[in-house]
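A.B. asks: Got a structure for you, questions after.
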Amino acid sequence: MVSVTLHRARHVVPVDRPVIANGAVAVARGIIREVGRFAELKHHWRGPVLDHGEVAILPCLVNAHVHLEFSALKNRVPPQSDFPAWLSATLAAADRLSPYEREGGLEMGLRELWRFGIGLVGEVSNTGLSLEALKQSGLDHHYFYECLGFHLQDDGPLARDFPIFLTEAALQDPHFSAAAHAPYSVSPALFRRVAAWNRRRGRPTAVHVAESAAEVEFLLTGRGFFRELLQARGRWRDEFRPPGVTPVAYLHSLGVLGADTLAAHCLHVTGAEVELLAREGVTVILCPRSNRHTGAGQAPFRQFRQAGLPLAVGTDSLASVEDYNLFRDLLLLHQDFPEVPGEELIALATLGGARALRFEAELGSLTPGKQAALIGVTPEAGPDFWAGLLSGGAAGRIEWLATPDEEGEA
Ligand SMILES: [Zn+2]
């Protein structure tokens, strides 16, 4: 007979239904069997009871946008008042990193993700360095290999310039995608090549878009910080004609936006562009702490919600946040947008991310049939459960209660 373990706690946060006081999650062979009140579940199932006391049980978190290979930049790039200053500081700090430091940062970053209850990541890499480490870590992930190349003006197979797309790992794994870095670092032709590679295989695309005012200036006028950066790096092309539109409208004109697009940031968007993103079904990945750290500003979260956009949340890299604690991003959103219900914020970091990364059949909520990747968060005492939960998580009071592997072996 299958052994069923009952995980009991003061609160259970299933995400796809309201919070359950004095709740329980029944788990067998690493799979969730039932979620409900402990008083009922204890009559449905025989097996060991693990009483987790005062914690709230949640599904593991999903960090939908991270760059693990920059983990070694932790605490090396101070907050800046504008994005060009931050990017210049980051590029200089990254140039100083030794391969040894990068490698060590990667290992540290993986441990930190785990420690903060993150079981699934959307990793954006432009070296491929993190692929093997992620595979060995046991963390679920969608791997975005990010392409840069403002100078790559002609069409042709993506693998011609990025040989990784010929490897078994890229071709066989449905959780391996091509990504385009940003409108100021990717030529129109390269945007189309990235989108085509993914669409031929039914895989999502990731892109940074509308992150800074400098990006808007570059697309409108062809001048400013990004032109100078491209010139300094030998990637500027005199034949480039600025499209004269804002970033989201630009990507739309290239035909690359769709329900398979994960757009990080989207700070500098017009009302019409928010409607456009909603119409195309684009998922926006909010990175609130990163946007503050880089001096980029704040995403129009209110308008995104009103438009009904699919949303998820990511920390971005440790060059722009202090740590991978996603609860600190949620707490910042709570402080900036106190009207947003707590369950909606938690959903950004669970179900929203799982949907974006196409893991919603396995992760993202405490739903029978999904994986038993359970974390416990000890809320801070207070009248508001959600505020207490976010504060407790932000203070790092997070523990793993069950992983599918360990339960599967039991
Ligand atoms: Zn990023």
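A.B. asks: When residue 348 is evaluated against the numbered criteria (1) over 15 Å from the mean Cα position of the chain (by Cα); (2) within 19 Å of residue 62 (Cα to Cα); (3) not assigned by TED's automatic domain parsing to the domain that holds residue 24, which criterion, by number, is the only one it fails?
C.D. replies: Among (1) over 15 Å from the mean Cα position of the chain (by Cα); (2) within 19 Å of residue 62 (Cα to Cα); (3) not assigned by TED's automatic domain parsing to the domain that holds residue 24, the lone unmet condition for residue 348 is (1).
A.B. asks: Would you please list the contacts, defined by Cβ atoms under 6 Å and residues six or more apart or on different chains, that run from a residue in segment 283-308 that is touching a residue at least 60 places away in the same chain (Cβ under 8 Å) to a residue that is acidic (Asp, Glu) and surrounded by fewer than 19 Cβ atoms within 10 Å (Cβ to Cβ)?
C.D. replies: The qualifying pairs are 295/82.
A.B. asks: Going through 159, 169 one at a time, which residue ends up being surrounded by 13 or more Cβ atoms within 10 Å (Cβ to Cβ), assigned to a helix (DSSP H, G or I) and at pLDDT below 95? Let's see the steps before the verdict.
C.D. replies: Details: 159 fails: at pLDDT below 95.
Sole residue among the options that is surrounded by 13 or more Cβ atoms within 10 Å (Cβ to Cβ), assigned to a helix (DSSP H, G or I) and at pLDDT below 95: 169.
A.B. asks: Continuing with the same structure: Which residues, counting only those in segment 24-71, are assigned to a helix (DSSP H, G or I), in contact (Cβ under 8 Å) with a residue 24 or more places away in the chain and more than 16 Å from the ligand (Cβ to nearest atom)? Let's see the steps before the verdict.
C.D. replies: Of the residues in segment 24-71, the ones assigned to a helix (DSSP H, G or I) are 38-44, 68-71.
With the extra rule that they be in contact (Cβ under 8 Å) with a residue 24 or more places away in the chain, the set shrinks to 38, 41-42, 68-71.
Matches in segment 24-71: 38, 41, 42.
A.B. asks: For segment 251-354, which helices (runs of 4 or more DSSP H) that fit wholly inside it have 3 or more residues that are surrounded by 19 or more Cβ atoms within 10 Å (Cβ to Cβ) and out of contact with any Phe, Trp or Tyr (no Cβ under 6 Å at 6 or more places or on another chain)? Outline the logic, then answer.
C.D. replies: Working: elements: 271-280, 288-293, 301-307, 326-336, 342-347.
Per the criteria, 271-280, 288-293, 326-336, 342-347.
A.B. asks: What single numbered condition from (1) in contact (Cβ under 8 Å) with a residue 60 or more places away in the chain; (2) on the phi > 0 side of the Ramachandran plot fails to hold for residue 266?
C.D. replies: Among (1) in contact (Cβ under 8 Å) with a residue 60 or more places away in the chain; (2) on the phi > 0 side of the Ramachandran plot, residue 266 violates only (1).
A.B. asks: Of these, 109, 122, which one is assigned to a strand (DSSP E or B), within 24 Å of residue 330 (Cα to Cα) and small (Gly, Ala, Ser)? Let's see the steps before the verdict.
C.D. replies: Details: 109 fails: assigned to a strand (DSSP E or B).
From the options 109, 122, the qualifying one is 122.
A.B. asks: Is it true that residue 200 is of a type in the set (D, E, K, R), open to solvent by 30 Å² or more (accessible area, probe 1.4 Å) and touching a helix residue (DSSP H, G or I) at 6+ places or on another chain (Cβ under 9 Å)?
C.D. replies: Spelling it out, it is not the case that residue 200 is of a type in the set (D, E, K, R), open to solvent by 30 Å² or more (accessible area, probe 1.4 Å) and touching a helix residue (DSSP H, G or I) at 6+ places or on another chain (Cβ under 9 Å).
Table: residues versus (1) part of a strand (DSSP E or B); (2) hydrophobic (A, V, I, L, M, F, W, C).
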site	(1), (2)
141	yes, no
154	no, no
165	no, yes
177	yes, no
182	no, yes
189	no, yes
197	no, yes
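A.B. asks: If you don't mind, there's one more thing I want to ask. Go through segment 24-75 residue by residue and tally those that are open to solvent by 10 Å² or more (accessible area, probe 1.4 Å), under 30 Å from residue 99 (Cβ atoms) and small (Gly, Ala, Ser).
C.D. replies: Selection size over segment 24-75: 1.
A.B. asks: How many of the residues making up segment 291-323 are within 14 Å of the ligand (Cβ to nearest atom) and within 23 Å of residue 364 (Cα to Cα)? I'd like the intermediate steps shown before the answer.
C.D. replies: Taking segment 291-323 and keeping what is within 14 Å of the ligand (Cβ to nearest atom), we get 291, 293-294, 296, 299, 312-321.
This time we only want the ones that are within 23 Å of residue 364 (Cα to Cα), so: 312-317.
Within segment 291-323, residues that are within 14 Å of the ligand (Cβ to nearest atom) and within 23 Å of residue 364 (Cα to Cα) number 6.
A.B. asks: Now a separate question. Given the conditions (1) more than 16 Å from the ligand (Cβ to nearest atom); (2) in a loop (DSSP other than H, G, I, E, B); (3) on the phi < 0 side of the Ramachandran plot, which single one is not true for residue 135?
C.D. replies: So the condition that residue 135 fails would be (2).
The values are calculated or read from the model by the stated rules, or taken from the named source; none is laboratory data. Just so it is clear, the structure is predicted and the values come from calculations on it, not from any experiment. Please note: Cβ atoms are built from the backbone with ideal geometry, for glycine as well, and neighbour counts cover all protein chains shown. The accessibility values were calculated without ligands, DNA or RNA, using every heavy atom of the protein model including side chains. Shrake-Rupley method; radii C 1.70, N 1.55, O 1.52, S 1.80 Å.
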